[in-house]
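No lab work stands behind these numbers, since they all come straight from the coordinates. This is a predicted model, so every value here is computed, not measured. With ideal geometry, Cβ positions are generated from the backbone for all residues, glycine too; neighbour counts draw on all protein chains shown.
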Amino acid sequence: MNKNTLNERGTYQSLCNPEYSGSKELLIDEKYLNNYKNSIVIKILKYLRNTDKVLEFGAGVGTLAQNWEIKTGVKPECLEIDDSLRNILINRGFKCYDKPGSITKTYSGIYTSNVLEHIDDDVEALRNIHAMLKPGGHLVIYVPAFMCLYSKLDSSIGHYRRYHKEELFEKLRKSRFEVIDSFYVDSIGFFASLAIKFFGYKGRLRLGGKTSLLLYDKLIYPVSEVLDALGLRYFFGKNILVAVRKRGQKIRGS
């Protein structure tokens, strides 16, 4: 992959180039992948249910933040560097920061979904998150898995990488986090991503089109969750979920 060429096209997001190239897909996913997005929040809540202050790192259009508020009654604060996405978040009633340096408080819980893969120096991002957490606070990370699934879709929306567990664990250790749980998510999605790699995104099979997203969300993903629960989550999946703790004294109520 020629990163320099892709950067010249503005594919990769940074503080100097805050526009996210996949912003249109976020609103489409919100509409057609409701079950899938809802399940991410449920999984994250297992580790952050008792937190009093919550931040979503890289909140996009606020799909997960809205689900979070519905389920807990707590409105997460958000970090989003893309101006247009941040305006959507603000219009939806969320307090939103434009960069990590704007945040001076600390949180008892932070979650980030499908964000770290967009950041070139993800270790620096993890260290920034570490500084935002109270001692003993929890971070939950949800990222795409397995570089063998990396496709033109990944590059078109600015993914530097997909993750292997060992790689992610090592980066978390460098950032002074303690891993408390991890597993793969969406075992059938592994094969769906493989199909997108070989047949193309929205190609002749229309993989990733609105109809396919809706069918996947309503019919296939529920089966994938059952297979995950039966044990496949320990072997493979489209994504990885990792829950970690900031080393230090445990915070009250967590």
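Projecting the Cα atoms of LEU241, PHE191, LEU15 onto the charge dipole of the chain, computed from C-beta unit charges around the Cα centre, puts LEU241 farthest toward the positive end. Computed about the Cα centre, the dipole magnitude for the range 1-160 is approximately 620 debye when only Lys and Arg (+1) and Asp and Glu (-1) carry charge, each at its Cβ.
When every alpha-carbon pair in the range 3-246 is counted, what percent end up more than 29 Å apart?
The answer is 24 percent, as a whole percent.
Can you pick out the pairs among LYS46/LYS99; LYS37/LYS95; LYS24/LYS210 whose Cα atoms lie more than 19 Å from each other?
The answer is LYS46/LYS99; LYS37/LYS95.
The angle between the Cα long axis of helix 23-32 and the main principal axis of the chain comes to about 80°, on a 0 to 90 degree scale. Peptides 235-246, 210-221, 34-45 ranked from most to least packed, by the mean per-residue count of other Cβ atoms within 10 Å: 235-246, 34-45, 210-221. What the phi angles of the range 38-45 give under the Karplus curve with 6.51, -1.76 and 1.60, with θ = phi - 60°, is a coupling list of 4, 5, 4, 4, 4, 5, 5, 4 Hz, glycine and proline written as x.
Extension gain, LYS46 to LYS24: 0.36 nm times the residue separation minus the Cα-Cα distance gives 5.0 nm.
Between the listed residues PRO100, VAL140, ILE90, the Cα displaced farthest toward the positive end of the dipole of the chain, a dipole computed from Cβ unit charges relative to the Cα centre, is found at VAL140. Cross-link pairs exceeding 30 Å in C-alpha to C-alpha distance, out of LYS43/LYS152; LYS71/LYS238; LYS71/LYS152, comprise LYS71/LYS152.
Approximating the spin labels as points 7 Å out from Cα along Cα→Cβ, the ALA131-to-ASN38 distance works out to 3.9 nm. Residues CYS148, CYS78, CYS16, ranked from the fewest to the most other C-beta atoms within 10 Å, line up as CYS16, CYS148, CYS78.
Remark: the range 88-162 is approximated by an ellipsoid whose semi-axes, taken from the C-alpha gyration tensor as √(5λ), come to 25, 16, 11 Å, largest first. Helix 165-174 and the longest principal axis of the C-alpha atoms of the chain enclose an angle of approximately 30°. All other residues whose Cβ lies under 12 angstrom from that of GLY109 are scored, Lys and Arg at +1 and Asp and Glu at -1, for a net of +3. Taking a spot 7 Å from the Cα of ILE180 along the direction of its beta carbon, which residues of the range 120-143 have an amide N less than 19 Å from it? Flagged as within label range: 126-127, 129-143. Put simply, the C-alpha atoms of the range 121-244 give a gyration tensor, and the ellipsoid matching it has half-axes of 29, 17, 12 Å, longest first. Three principal axis extents of the range 54-181 based on alpha-carbon atoms, in descending order, are 39, 36, 28 Å. The Kirkwood radius of the range 1-131, taken over pairs of alpha-carbon atoms, gives through the Stokes-Einstein law at 37 °C and 0.692 mPa s a diffusion coefficient of 214 µm² s⁻¹.
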